[in-house]
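Trainee: Structure provided below as structure tokens; questions to follow.
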Amino acid sequence: RVNNSGGGNSAAVLFQGEVDMIIVIPAVFSASEVTKIRSHLDAADWQDGSTTAGSQAQQVKHNQQLALDSKVAQQLGDVIINTLSQQPTFVSAALPLRIFPPMFNRYCTGDTYGLHVDNAIRYVPGNPTPIRTDLSATLFLCDPQDYEGGELVIEDNFGSQRIKLNAGDLVLYPSTSLHTVTPVSDGARTCAVFWLQSMVRSNQQRETLFELDQSVQSLTAELGAGHDDVVRLSGVYHNLIRQWADT
């Protein structure tokens with residue numbers, strides 16, 4: 001279980017299963033930045049979240065969300081995508097090709113989202129280009145003490161990972177995973193969720209590239225960018241990208 005209550009840092013926290021990896025990226029947004037985002041969200045108009053659920057998910061989705069064409073949602077979504085595009089750990093882990101605009105949801109007392117798998121293909125309204133959902137992301141916009149329950153539970157090969165993060169933290173996980181949001185028993189849980197198509201379709205290949213890139217970055221800090229081993233490993237990384245990536 002992950003329940004962050006300390007300060008954020010730039011390192012990713014990993015859960016490694018047989019084939020799937022869950023990555024937590026702390027402090028994507030600072031406390032002051034989250035406060036600004038929340039000021040807009042708290043004043044926005046919310047609607048029934050089941051309106052954007054697939055046929056199976058409609059039966060188990062009970063929450064609120066902002067309309068996809070909401071100006072607030074679009075503006076805040078742009079802020080999130082622009083910030084993540086400059087976040088090295090996110091880019092390294094996701095290798096994003098296309099990103100579905102973030103959606104904002106709120107779980108009040110009694111709200112929940114039962115066990116489900118995210119839709120494999122999504123379309124941005126007004127855009128005929130499909131987005132294959134390789135990875136799902138949840139950005140927490142409230143702190144764990146603001147609500148009871150409301151944990152994101154992700155099923156993997158070794159059981160369940162229960163995730164409840166600090167405001168401003170993000171979790172990234174394969175969209176093939178069964179997952180649920182447990183009922184909120186008190187308070188309110190506010191998050192942004194989105195999906196992305198990676199340049200590398202395979203979870204295993206993408207995880208290999210992420211681990212290799214993290215090792216290259218660590219060795220660069222220790223030995224310097226010009227060290228022979230760093231140069232060789234960087235070459236291996238980029239050659240694997242050439243072999244596996246679709247752009």
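Trainee: Given an 8 Å cut-off on Cα distances and at least 6 residues of separation, report the relative contact order of the chain as a percent.
Mentor: Relative contact order comes out at 24 percent.
Trainee: If you bin the C-alpha pair distances of the chain every 5 Å from 0, what whole percents do you get?
Mentor: P(r) for the chain, in whole percents per bin: 1, 6, 13, 18, 20, 18, 12, 7, 4, 2, 1, 0.
Trainee: On a 0 to 90° scale, report how tilted helix 71-84 is relative to the longest principal axis of the chain, with both axes built from alpha carbons and the result rounded to the nearest 10.
Mentor: It works out to around 20 degrees.
Trainee: Leaving out ligands, DNA and RNA, and with a 1.4 Å probe, what % of the accessible surface on the range 99-245 is carbon or sulfur?
Mentor: On the range 99-245, the fraction of accessible area on carbon and sulfur atoms equals 51 percent.
Trainee: Among 118, 69, 146, determine the one that fluctuates most according to a GNM of the chain built with springs between C-alpha atoms less than 10 Å apart.
Mentor: Maximum among the listed residues: 69.
Trainee: Let's see if you can work this out: charge +1 on each Lys and Arg Cβ, -1 on each Asp and Glu Cβ, no other charges. What is the dipole magnitude of the range 170-226 about its Cα centre, in debye to the nearest 20?
Mentor: 240 debye
Trainee: For the range 132-208, what are Rg and Dmax over the alpha carbons, in angstrom?
Mentor: In order Rg, Dmax, the Cα atoms of the range 132-208 give 13.4, 41 Å.
Trainee: Under a cut-off of 25 Å between alpha-carbon atoms, report the lysines in cross-link reach of residue 71, not counting same-chain residues fewer than 8 places apart.
Mentor: Leaving aside lysines fewer than 8 places away in the same chain, those within reach of residue 71 are 36, 61.
Trainee: So for the range 112-247, considering every pair of alpha-carbon atoms, how many percent are separated by more than 19 Å?
Mentor: 63 percent
Trainee: Here is a further query. Multiply the residue separation of residue 227 and residue 176 by 0.36 nm, subtract the distance between their alpha-carbon atoms, and state the gained length in nm to one decimal.
Mentor: 14.5 nm
Trainee: If you take the beta carbon distance between residue 32 and residue 148 as r and set R0 to 25 Å, what does 1/(1 + (r/R0)^6) give as a FRET efficiency, to the nearest 0.05?
Mentor: Here the calculated transfer efficiency is 0.45.
The values are calculated or read from the model by the stated rules, or taken from the named source; none is laboratory data. This structure is a prediction, so every number in the text was calculated from the model and none was measured. Reconstructed Cβ throughout: ideal geometry from the backbone, glycine too, with neighbour counts over all protein chains shown. Keep in mind that these areas ignore ligands, DNA and RNA; they rest on the heavy atoms of the full protein, side chains included. Shrake-Rupley method; radii C 1.70, N 1.55, O 1.52, S 1.80 Å.
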